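First the structure, in the form of structure tokens, and then the observations on it.
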Amino acid sequence: MRVMLKATLDTDKGNDAIQGGKMPQIMQEALEKLKPEAAYYGPCGGRRTCFMVFDMQESAQLPPLLEPFFNDLNADVEVFPIMNGDDLQKGLSQLA
């Protein structure tokens, strides 16, 4: 299932990770684990935020994928199912 992860980083932990030079490593490790089809970074609600779209086979994947965001960055994390245009058309065709 295609899902989107939204991780909003704690400002103090983010500052520490940047100043300590660990932010690139943390993000690289997240990318290697998630293997996202897309990843975007920017401010949201005044805080550093990343959005990543990835394929999740089962919910048991969540703990190892999300713990670095919680442990290293004290992030607020949301994960929710999403669709691309083809997925939406397929789903809508099943309504008739």
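Numbers at a glance
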item	result
At most 15 other Cβ within 10 Å, DSSP loop - GluC sites (Glu not before Pro), region 1-90	GLU37, GLU58
Carbon and sulfur %, accessible surface of region 2-96 computed with the full protein complex present, 1.4 Å	53 percent
Candidate values [x] 12.8, 36; [y] 15.1, 56; [z] 16.5, 65, label of the one derived for Rg and Dmax of the Cα atoms in Å	[y]
Angle between the chain longest axis and helix 23-34 axis [Cα atoms, degrees, rounded to 10]	30 degrees
Choice from MET52, MET27, MET83 showing the highest fluctuation, given a GNM over the chain with Cα pairs closer than 10 Å	MET83
Cα shape, region 42-96, gyration tensor, a/c 1.5 rule	oblate
Cα-based reach from LYS13 at 27 Å (exclusive), listing lysines while leaving out same-chain residues under 8 positions away	LYS22, LYS33, LYS35
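The values are calculated or read from the model by the stated rules, or taken from the named source; none is laboratory data. Just so it is clear, the model here is predicted, and its values are computed rather than measured. Note that we place each Cβ from the backbone using ideal geometry, even for glycine, and neighbour counts take in every protein chain shown. Surface areas here come from the heavy atoms of the whole protein model, side chains and all, with no ligands, DNA or RNA. Shrake-Rupley method; radii C 1.70, N 1.55, O 1.52, S 1.80 Å.
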